[in-house]
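These notes concern the structure reproduced below.
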């Protein structure tokens with residue numbers, strides 16, 4: 001937060017689904033190279049915040065700045081073009097395409113074939129399981145593998161900012177651990193990450209800073225260690 | 001394997017039964033007809049299919065498979081190598097070309113063979129129009145996954161495009177044809193805008209309405225379209241300016257005069273046949289290429305998951321509009337050809353049943369499969385013609401055949417690989433998987 005110009009900044013963003021006021025003015029910033037967690041209970045508006053950044057739907061009012069550029073009224077594809085990549089909640093892989101075809105679609109906007117091949121190798125290093133299954137239809141992968149594929153696919157676009165929506169959803173504890181260590185590794189190699197999670201403990205372990213949301217508002221923010229120690233937050237979101 | 005063959009033979013015989021299993025005979029001096037069962041024909045079919053299926057099952061072992069170490073390996077069985085090569089000519093993707101070229105050559109040669117009647121050519125010509133329509137709708141429904149029940153509207157736009165351009169400005173077929181495609185594509189995009197946010201059932205209802213609106217406008221705008229009376233004496237296409245009529249119009253030459261041969265009505269028929277054949281082949285080629293293009297991948301991604309598609313940086317608005325536009329464009333071409341073939345059009349030709357037929361072609365053929373849709377189009381036009389002998393029962397027979405096919409082969413005749421997973425996830429042969437451990441993996 002101390003840095004002069006953050007990679008992403010939300011300023012008093014409101015989002016509406018029809019008449020439902022889902023985001024009631026949230027502000028947050030993410031600096032380059034950071035990993036920031038956005039935690040909160042069901043229906044707090046975490047996913048909406050993420051989707052609003054991606055322009056699905058666009059924000060009703062307020063400003064979203066990415067690298068100093070206003071993106072709040074752009075279409076999703078324009079936003080993705082600027083270097084924001086989303087791993088949607090519930091994975092959203094293309095089930096009737098092979099693993100390889102899924103990854104190829106991640107590079108839809110790129111034409112630097114040599115670099116793409118290099119990134120593919122990197123992604124396979126990160127997720128060796130996927131390499132074994134390149135020709136398998138993505139819909140036949142297990143839940144954990146699908147989550148890995150979704151993250152790998154997002155990485156293939158070489159994003160400046162990676163938005164992860166509930167990567168631990170519906171996964172076995174062991175797998176959750178594995179996914180989170182991979183997320184930390186992706187961050188170490190230079191990708192900025194905004195992580196939305198219900199599994200607040202895990203998220204706070206790998207994130208440097210965190211925002212806590214409730215009913216469409218950001219109620220707390222601070223470093224992960226601060227938030228982990230905050231009694232009211234512990235009671236509300238971390239199960240005591 | 002024998003049991004499998006027996007099963008398939010039973011199903012196919014059951015499918016064939018309504019078509020060839022019985023005959024309706026009108027007895028002299030009696031009213032009504034009598035049903036005669038053709039047990040012999042049914043028996044022949046059953047045994048024939050059984051043998052073919054057994055043979056096919058045998059050849060199937062010649063498929064290339066990947067062994068666990070990852071090496072490509074061809075299984076070797078005792079039968080002569082030639083047989084396996086012939087089979088692979090048709091089986092393996094890379095080897096499909098010679099087979100297609102052979103089929104194309106056969107189709108070109110067909111009108112010049114003896115004992116091929118004008119009527120048969122006429123049916124095939126119509127079938128080729130449906131091939132174009134089916135492949136066009138396949139772009140919208142099969143690739144982009146947008147259920148369009150008003151496709152006939154664009155077909156009508158194409159047909160009336162040519163009809164009206166001729167009537168008001170005297171445009172020739174070749175001048176009007178590109179215009180038909182473009183006007184229809186424009187209508188496609190116009191329809192696309194209001195339905196951008198709709199999917200599935202809602203989209204189907206809006207497109208259904210759109211198709212009807214076009215027909216009703218054509219029917220009621222008397223001063224412009226001549227209403228239910230339609231447009232008549234639309235000229236046939238010419239070959240480089242040569243006409244296929246007995247007597248040329250002023251300033252024109254006829255085909256038979258030019259070549260100094262006797263006039264024959266066959267020429268016209270053969271010309272239309274070859275024209276539509278090349279149009280159908282051209283469409284197949286373009287649609288197949290489109291499918292593997294960047295745009296095609298965007299369509300398929302959109303059909304699979306719209307949110308993820310947008311997250312890939314694909315402009316879904318553009319993808320949808322282009323699918324509607326390009327799909328409609330082919331309907332426009334088909335309409336132009338239809339008007340030229342009939343020489344007469346009226347709104348009656350463009351009712352909802354046409355949309356349903358074209359959609360049936362796409363579903364029967366296997367959504368997203370170019371070859372499958374082509375075969376289905378030919379079947380859907382030709383089967384009712386073959387069943388003409390049953391007079392009023394023929395459409396019932398056709399319907400029974402369709403229902404049976406959908407019950408027993410829901411993925412269509414020649415499905416695109418992707419659909420196999422959805423409908424037969426347990427059949428490891430069809431999944432093209434590298435390793436079989438997939439079956440142990442939990443499915444979503």
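Couple of notes before you dig in:
- Shielding by partners - mean other protein chain Cβ count within 10 Å, residues of A:70-76: 2
- Projected label distance in nm at residue B:393 and residue B:51, using a 7 Å step from Cα toward the beta-carbon: 2.9
- With a 10 Å cut-off around each Cβ of B:315-326, the average count of Cβ atoms from other chains is 1.
- Three-way shape label, the range B:117-408, alpha-carbon gyration tensor, a/c 1.5: prolate
- Packing rank of B:218-229, B:293-304, B:199-210, where each peptide gets the mean count of other beta carbons within 10 Å, highest leading: B:293-304, B:199-210, B:218-229
- Whole-Å distance, taken between Cα centres, linking the range B:104-142 and the range B:229-289: 15
- Relative contact order of the range A:93-158, defined on C-alpha pairs under 8 angstrom at six or more residues apart (%): 56
- Here the simple spin-label model places points 7 Å from the Cα toward Cβ, and for residue A:82 and residue B:264 these points are separated by 7.0 nm.
- Per-residue shielding of A:133-142, expressed as the average number of other chain Cβ atoms within 10 Å of the residue Cβ, stands at 6.
- Segment residue B:36-residue B:196, length gained on full extension (0.36 nm per residue, minus Cα span): 52.2 nm
- Order by protection proxy (mean Cβ within 10 Å, highest first), peptides B:311-317, A:10-16, A:68-74: B:311-317, A:10-16, A:68-74
- Taking all Cα pairs closer than 8 Å and separated by 6 or more residues, the relative contact order of chain A comes to 27 percent.
- Maximal additional length on extending the residue B:245-residue B:223 stretch stands at 4.9 nm, based on 0.36 nm per residue less the C-alpha distance.
- Here the simple spin-label model places points 7 Å from the Cα toward Cβ, and for residue B:404 and residue A:122 these points are separated by 5.9 nm.
- For the range A:1-94, the Rg and Dmax computed from alpha carbons only, in angstrom: 13.0, 40
- Set of the range B:111-141 residues, backbone N closer than 20 Å to the point 7 Å along the Cα-Cβ line of residue B:286: B:125-141
- Share, in percent, of DSSP beta bridges within chain A that are antiparallel, nearest 5: 55
FYI, it's all coordinate maths here, none of it is from the lab. Because the structure is predicted, anything quoted here is derived from the model rather than measured. Virtual Cβ from ideal backbone geometry, glycine too; neighbours counted across all protein chains shown.
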